[in-house]
Each structure stands twice: as structure tokens, then as C-alpha cells.
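The values are calculated or read from the model by the stated rules, or taken from the named source; none is laboratory data. None of the values given here were measured: they were computed from a predicted structure. Positions of Cβ are backbone-derived with ideal geometry, glycine not excepted, and every protein chain shown enters the neighbour counts. All accessible areas refer to the heavy atoms of the entire protein, side chains included, with ligands and DNA or RNA removed. Shrake-Rupley method; radii C 1.70, N 1.55, O 1.52, S 1.80 Å.
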Amino acid sequence: MLPPSERDFVSLTLSESGSYTNGKQWRRQSCLRKWKQLSRLQRSLILFTLMLLLVCGIVTSPTLIAHWRDGALGENTDDGKQPFVLDLKNEYKFVLPEPPSEKKGLRRRGPPVLQSRLHSKTNASEGGKAVVSWREAVIDQGQVFDTDIKEAEIQEITHAESRLEAVREAFRHAWKGYKDFAWGHDELKPISKSYAEWFGLGLTLIDALDTMWILGLKDEFAEAREWVATELSFDKNVDVNLFESTIRILGGLLSTYHLTGDSVFLEKAKDIGSRLMPAFNTASKIPYSDVNIGKGTAHSPQWTSDSTVAEVTSVQLEFRELSRLTGDPKYKLAVMEVMNQVHKLDGKNDGLVPMFINTNSGQFTHQGIYTLGARADSYYEYLLKQWIQGGKKENDLLEDYLQAIEGVKKNLLRKSNPLGLTFVGELSHGHLSPKMDHLVCFLPGTLALGAHHSLPADHMELAKELIETCYQMYAQMETGLSPEIAYFNMHEGSKQDVEVKIADRHNLLRPETVESLFYLYRFTKDKKYQLWGWEILQNFNKYTRVSTGGYSSINNVRDPAYPNPRDKMESFFLGETLKYFYLLFSDDPDLISLDKYVFNTEAHPLPVWPDAE
Ligand code: DMJ
């Protein structure tokens with residue numbers, strides 16, 4: 001089989017203009033002659049009948065009416081950018097999913113609260129003499145406006161339900177690929193119909209557990225639970241990355257335990273948690289990056305004794321929670337020691353941290369570069385979230401968070417040209433680079449979460465500006481999907497705000513923008529955030545969906561004719577991206593209430609401690 005880059009694609013455009021054959025021309029002339037031979041009355045009768053048929057056809061056509069309704073709601077997101085893409089070798093192809101049908105709108109399959117809302121609305125409507133027709137449209141038999149349910153409201157609920165169903169459908173499709181070709185392994189390779197192993201611990205399956213629960217996919221959840229109970233073993237001679245295994249595996253197991261109450265997940269969480277602890281046995285107490293969970297040994301990468309700042313400061317939510325559940329303080333003490341040290345360290349710039357920290361000296365290294373992107377991102381996120389998790393009492397965490405946001409405002413914010421988008425650049429030895437990783441798009445959501453928890457209102461204003469920028473990182477690309485890294489134009493007269501270097505044109509199905517859209521929608525109820533998310537979901541379906549199951553990262557967001565699949569579905573697509581889509585399209589504020597849960601950086605909800613209030 002050829003590698004993806006060598007496969008051929010052609011674009012087919014269906015043209016309406018076509019040349020007639022001689023036979024067709026002859027038939028046209030003969031019809032014209034016959035028409036002229038008819039009397040005036042006969043011609044009028046025929047024309048009248050044709051008109052009548054046309055009018056009846058329009059009135060009774062549900063598709064056309066639905067299309068008009070969509071247009072009136074301004075929801076027609078078909079941008080017409082994508083030609084039909086056909087794979088000549090027929091080995092794989094991207095196919096469009098069936099659009100969620102409006103007719104299916106009133107089916108009752110959503111999460112509990114949404115279901116009851118649908119139910120009560122429909123009942124209210126029945127009380128007002130309305131009936132549900134064979135097409136499930138609500139028909140009012142009395143006066144049109146004498147019930148408490150309006151057609152527009154039904155449309156809106158139907159709309160929401162069909163978007164939720166579209167996410168469930170996307171999940172099922174991704175899961176099918178994982179199940180068929182990668183079951184029990186770390187990641188699906190959907191193009192080659194195989195799998196990739198990272199830690200050999202069923203990473204995608206564990207990352208996806210709580211998503212299945214939240215989406216209400218009971219059958220899928222049951223078979224995954226069975227695998228965890230009977231097949232998952234951490235007694236393996238394997239090196240795992242402390243941060244990645246904490247946020248995906250420990251976080252995933254803990255949150256699934258909380259959602260389900262099933263002790264299988266807690267036992268597995270305790271097992272992996274204790275096996276990761278050797279990472280903290282360093283001279284400085286700043287953990288190593290890697291642990292062998294079978295041997296109980298830990299080490300830095302071969303080429304350095306440094307760890308990444310984001311990694312050592314983004315395992316706290318999970319280990320703190322493990323201490324609370326087990327009653328054993330050793331987990332919390334280890335991770336809080338890291339926070340206490342980083343709190344006191346020299347080398348910060350207005351609260352902004354460098355990207356590396358040494359496991360021997362406990363000092364920052366490679367100083368002078370400050371970013372909210374890779375290697376620093378979740379340090380900021382976890383300052384705020386630990387403060388919320390612990391009941392808003394740990395003042396050092398809050399102080400560091402507030403100072404860092406002031407540091408961002410003072411040192412990293414700039415405006416682009418021509419649209420004047422606010423972006424977060426990187427500071428490199430005093431020089432501002434207009435470079436913004438997609439990873440930075442977690443920030444609008446985090447800022448909005450802080451504002452919700454009574455931090456300064458201007459954090460919310462900044463969040464709104466930044467989410468617009470993150471959306472434009474998608475909208476200004478030919479596929480409507482964001483690159484991994486964007487550069488913003490700042491010069492007067494620029495044609496487009498976002499520029500992309502050739503090496504940065506890939507998209508890994510990352511969640512950050514969808515995550516922030518979810519927070520912004522939850523707190524503002526501004527429908528434009530749902531609309532933007534809907535657009536992005538459709539573009540994932542257009543350009544990254546693999547017909548035989550699964551979704552694939554792509555190499556080129558600038559080429560809709562050949563986005564060039566990378567043959568990898570990252571576990572966070574199921575753990576985070578699809579979960580945040582679902583929560584974004586839900587109008588139920590109690591579906592993982594942001595007053596009761598904090599999401600870890602892999603989208604696994606952990607409880608705000610009940611006794612912390
Ligand atoms: C995830 O593993 C986490 O969100 C992490 O914080 C950043 N990288 C990926 C998703 O992009």
C-alpha cells in the first residue's frame with residue numbers, strides 16, 4: 001500500500017451546463033411545433049395545470065421548507081469550500097456524514113435534563129391542543145399562538161438535540177475505528193487500519209471513558225468498562241511520561257469513578273497513582289519526566305536533567321484528589337511541594353514562567369523565553385483550577401495566577417492587522433514574536449472560568465477577545481481548521497491576520513478552542529459560540545473523518561483538496577475534543593456544573609471539594 005502522501009485524489013465538480021445531442025435538439029423542435037398547433041384555450045389549460053402542480057409541489061416539500069427555515073435562522077454553514085473528494089485507489093476516503101435530520105429532532109435520547117425539558121415542552125404543547133404529526137412536526141389544532149410553546153422554541157430545542165446527536169454520531173464513528181483496528185492499544189491509526197503504542201496501556205480507551213458516560217453511550221461504555229476490569233494491568237516494565245499518564249490515565253479513572261460510583265475505576269486509579277510516585281524521588285523534589293511503572297524507577301530524558309515546567313505543575317489536581325479519596329496525604333504533599341517551590345522561585349517575568357526546571361537544582365533553566373503555549377500552558381490553568389478545587393482558600397495559587405494574567409497583559413498581548421484581533425505572542429529575550437500556538441486557546445476558557453469565580457470582570461472581556469482570535473485561526477484557513485501554530489500580521493495593509501509557516505500547517509484534532517467555546521457559551525449564553533463550534537465540527541467531519549472508522553490528524557489545513565492525513569487519532573480527540581463539543585451544544589448548566597467540578601487539562605471533571613466551601 002502506498003504511503004498517504006503518494007496517494008492520488010481527483011476533485012469532481014458537477015457542472016450544470018452540458019451540450020445537447022442531435023437527437024435532443026430534434027425532440028425539442030418537434031415539441032415546439034406541436035405546442036404551436038394547439039388552440040389558445042388548450043395552451044392556457046395546460047399552463048394553469050402546470051402552475052398548480054408547481055405550487056402544490058413547493059408547499060408540500062419538507063426539504064425545501066426545512067432549507068428555508070435553516071436559512072432564516074442563519075444556520076446554513078455550508079461554505080461550499082469543499083469539492084467532492086474521491087480516492088482513486090478506493091483505499092480510504094473522507095466522506096461527509098449524513099447531516100443530523102431535522103425530522104429526528106424530537107427523539108428523546110439526550111442526557112437526563114435535556115430529555116425532561118423536551119418532554120415537558122411537548123406535553124405543554126399537547127395540553128394546548130397540539131398533536132405530533134407523522135413527521136414529528138408539532139401541529140396546533142387550535143389557535144396558532146394559544147399554547148406556551150412556540151414553533152421557534154421547538155426549532156431551537158430540535159436544533160440543539162440534533163447537534164448533540166451529531167457529536168454522539170462522531171464519537172461512535174471514532175470508536176468504531178478504535179474498536180475495529182486498535183482495541184486495547186494506545187492510539188488508532190485510521191488510514192493504515194492499525195494502532196500505535198505509546199505506553200501500551202489502552203490510552204484512548206481510558207481517556208474516552210467519561211466522555212462515553214456523559215454522551216450517554218451505554219453499550220460502548222459497558223464494553224470499555226469490562227476491558228478495564230479484566231484486561232488493564234499496570235504491572236508492566238514500561239516507561240511512561242509522568243504528566244501524560246497522570247492527566248489522561250489517572251485523571252480519566254478518577255473522573256469516571258466520580259461519575260459512575262464504580263469502585264473498579266478507583267482501584268485502578270490508586271494502582272497507577274502509587275506506581276507514578278517514584279518520579280518525585282529527586283534531589284530537588286521537582287519530579288522526573290519519566291517513570292517505569294513496573295520497576296518503580298524514574299529518570300529524566302537521556303539528554304537532560306530538566307523537566308518541563310507545565311508538566312511538573314499540571315499533575316496537582318489529580319494527585320490532590322487521590323489523597324482525598326484514599327485518605328493518604330503522600331500524593332498531595334508531593335505535588336504541593338512542587339507548587340510551593342515554584343511559587344518562591346526567581347526567574348519569573350511579571351508572573352510568567354520559563355519553560356524548563358532542573359530536577360537537581362530545582363531552578364528554572366533556559367530563561368528568557370515566555371509563552372502561554374507548549375511547555376508552559378497548563379501551569380497557568382492549574383493555578384486557577386487548584387484554587388477552585390480547594391475551595392478558593394489557597395492564596396499563593398490565586399496570587400500567582402492573578403500576577404501571571406497581569407504579566408500576559410503587560411508583555412504578550414498585541415493586535416493583528418487588518419481585523420485588530422487580540423493575540424498572545426511569545427517573548428524571547430525581550431523581543432515579541434507574533435507567534436501563537438493553538439494550545440494557547442485554552443486561555444479564553446480559563447479566563448472566563450476565573451471571572452465566573454469572581455475574579456476581575458476584565459478577565460471576561462479579554463476572554464471574549466481571545467476566543468474571537470482562536471475562532472479566526474480556524475475561519476481564515478481554507479479548510480476551516482486551525483493550524484498548530486499561527487503567526488499574526490501586525491503591519492498596516494496586511495491582507496489576512498493569520499499567517500502559517502509550512503512546518504506548522506498540521507492539525508492534530510486538538511481541543512483548546514472548542515474547550516474555550518464551551519466555557520464562553522456556558523457563562524454568556526451567546527449563541528454565536530455554539531455556531532462557531534458547529535462550523536468547526538462540520539469541518540472536522542469534512543476533512544479528517546476516515547470512512548472506515550476514526551478521524552485522522554492532517555498535515556495541511558491550507559489545502560482542502562488534499563489535507564494529507566497523518567494516520568493518527570490522538571486520544572484527546574475522544575477524551576477532550578468531542579466531550580467539549582457535546583457540552584458546548586448542551587443548554588443544560590447542570591451537565592457537569594462548573595460550580596461543582598473542575599476539568600483537568602485533559603477534560604476529565606474532578607469534584608470541587610465538598611468540605612472546601
Ligand atoms: C492534551 O493532552 C492536554 O489538553 C494538554 O494540556 C495539552 N495537549 C493536549 C491537547 O492538545
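Among the GluC sites (Glu not before Pro) found in segment 155-198, those both in a DSSP coil and sparsely packed, with 15 or fewer other Cβ atoms within 10 Å of their Cβ, are GLU197. Using the beta-carbon distance between ASP219 and GLU465 and R0 = 45 Å, what value does 1/(1 + (r/R0)^6) give for FRET efficiency, to the nearest 0.05? The computed FRET efficiency comes out at 0.60. If you sort the three axes of the alpha carbon gyration tensor as a ≥ b ≥ c, you get a/c of 1.5 or more for segment 197-323 and a/b above b/c, which makes it prolate. Which whole-number percentage describes the relative contact order of segment 503-613, with Cα contacts under 8 Å and a sequence gap of 6 or more? Normalised by residue count, the contact order of segment 503-613 is 29 percent. Placing +1 on the Cβ of every Lys and Arg and -1 on the Cβ of every Asp and Glu, with nothing else charged, gives segment 268-353 a dipole about its Cα centre of roughly 340 debye. Calculated accessible area for segment 266-394 comes out at 35 Å² per residue, all protein chains present (probe 1.4 Å; ligands, DNA, RNA ignored).
When Lys and Arg each count +1 and Asp and Glu each count -1, what net charge do the other residues less than 15 Å away from TYR487, Cβ to Cβ, add up to? Every neighbour counted, the sum reads +1. The residues neighbouring SER255, those whose beta-carbon lies less than 10 Å from its own, together hold a net charge of -4 under the Lys/Arg +1, Asp/Glu -1 convention.
Considering only protein heavy atoms and a 1.4 Å probe, what is the carbon-and-sulfur percentage of the accessible area of segment 316-456?
Roughly 51 percent of what the probe reaches on segment 316-456 is carbon or sulfur.
Is the shape of segment 488-560 rounded, prolate or oblate, going by the alpha carbon gyration tensor and its root eigenvalues a ≥ b ≥ c, with a/c under 1.5 for rounded and a/b larger than b/c for prolate? It comes out oblate by the Cα gyration axes. The chymotrypsin sites (Phe, Trp or Tyr not before Pro) of segment 279-368 that DSSP puts in a loop, and whose beta carbon has at most 12 other beta carbons within 10 Å, are TRP303.
Quick check: the distance between the Cα centres of segment 394-421 and segment 576-613, to the nearest angstrom? Cα centroid to Cα centroid, the span is 24 Å.
Let me have the relative contact order for segment 270-322, percent, based on Cα pairs under 8 Å that are six or more residues apart. After rounding, I find 30 percent.
Here segment 498-564 and segment 156-208 have alpha carbon centers that stand 16 Å from each other. For the listed peptides 231-237, 262-268, a ranking on the average number of other beta carbons within 10 Å per residue, highest first, reads 262-268, 231-237.
If you filter segment 464-501 for trypsin sites (Lys or Arg not before Pro), then keep DSSP loop positions with at most 13 other Cβ within 10 Å, what is left?
LYS495, LYS501
Here the translational diffusion coefficient of segment 361-519 follows from Stokes-Einstein with Rh set to the Kirkwood radius across Cα pairs; for 20 °C and 1.002 mPa s it amounts to 132 µm²/s. Packing, as the average of other Cβ atoms within 10 Å across residues, places the peptides 468-474, 454-460 in the order 468-474, 454-460, highest first. The distance from the alpha carbon centre of segment 474-493 to that of segment 373-388 is 25 Å, rounded to a whole number. Averaging the sequence gap over all C-alpha pairs within less than 8 Å and six or more residues apart, then dividing by the number of residues, gives segment 319-433 a relative contact order of 20 percent.
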